[in-house]
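Working notes, structure below.
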Amino acid sequence: MAANSFMVPLGTPAPAFDLTAIDGGSVSLGDLKGSPATLVVFLSNHCPYVRHIESGIGALAAAYGSRLSVVAICSNDSVNYPDDDPTHLAEQAARAGFTFPYLLDDTQEVAKAYHAACTPDFFLYDAQFQLVYRGEFDGARPGNSVPVTGSSLRAAIDALLEGDAVPEEQNPSLGCSIKWKPGNAPA
């Protein structure tokens with residue numbers, strides 16, 4: 001089922017996390033400190049909206065290099081959605097050219113803390129981890145003819161890195177709803 005992002009208020013601080021990566025080890029929000037921009041993106045492997053843009057996400061992260069810290073988080077119930085288990089997420093990361101950590105939110109508490117609603121769901125923070133952008137990657141969707149460029153997110157990243165104000169008018173992301181474990185969906 002398709003869902004829009006919740007459009008968390010701009011200026012909201014990034015919730016702390018410490019999650020296991022698909023390749024072992026752990027990554028915390030504090031590990032991303034020191035970057036002028038940090039992107040936290042909620043993804044999954046099975047969602048057609050994510051699959052449609054996943055290579056674009058990999059290319060965007062590579063294009064910004066060290067100027068942008070990126071971390072992906074999968075919060076989906078991998079028991080009921082086995083395509084989102086660590087093995088399949090690793091295959092996705094290789095297929096899409098992800099060079100950033102891909103983390104597992106098995107308790108789904110991080111998704112709740114971020115008010116993530118869908119995959120993909122993008123949250124861009126400044127150097128102080130204050131939210132400056134939440135919304136779509138671009139206008140590309142499965143079945144439409146809009147090219148995958150990341151134009152909406154790139155405009156926000158560019159403004160942030162150039163010291164300009166990120167426009168407050170932002171379009172929500174659209175994707176598959178997060179697959180909550182039974183009884184775990186936010187109220």
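Taken together, the values in this text are just the output of simple stated rules run on the coordinates, not laboratory data. Since we're looking at a predicted model, the values are computed, not measured. FYI the Cβ positions are ideal-geometry reconstructions off the backbone, even for glycines, and counts take in every protein chain you see.
Tabulated data for the structure shown
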| read-out | value |
| --- | --- |
| Semi-axes of the equivalent ellipsoid for segment 107-159, Cα gyration tensor, largest first, Å | 22, 17, 6 |
| Cys with no candidate disulfide partner in the chain (beta-carbon separation under 4.7 Å rule) | CYS74, CYS118 |
| Antiparallel bridges, percent of DSSP beta bridges restricted to segment 37-187 (to nearest 5) | 60 |
| Descending semi-axes in Å of segment 4-158, equivalent ellipsoid built from Cα gyration tensor | 20, 19, 15 |
| FRET efficiency estimate (nearest 0.05) - Cβ-Cβ, SER55 to ARG154, R0 22 angstrom | 0.90 |
| Rg/Rg_globular for segment 13-73, with Rg_globular taken as 2.2 N^0.38 Å and Rg from C-alpha atoms | 1.18 |
| Rg to Rh quotient for segment 69-113, alpha carbon positions, Kirkwood Rh | 0.97 |
| Chain lengthening between LYS33 and ALA16 when straightened (0.36 nm per residue, less Cα-Cα) | 5.0 nm |
| Label point at SER66 placed 7 Å out along Cα→Cβ; residues across segment 33-53 whose backbone nitrogen lies under 20 Å | 33-39 |
| Those lysines that a straight Cα-Cα span of less than 17 Å connects to LYS33, excepting residues fewer than 8 apart in one chain | none |
| Equivalent ellipsoid, segment 76-187 (semi-axes from 5 times Cα gyration tensor eigenvalues, Å) | 26, 18, 15 |
| Linear extension gain, ASP83 paired with GLU162, 0.36 nm per residue minus alpha-carbon span | 24.6 nm |
| Selection from SER66, LEU153, ASN80 lying farthest towards where the dipole of segment 31-187 points positive, charges on Cβ | ASN80 |
| Value at 222 nm in deg cm²/dmol, rounded to 500, when DSSP H runs of n ≥ 4 in the chain each add -39,500 (n - 2.57) | -7500 deg cm²/dmol |
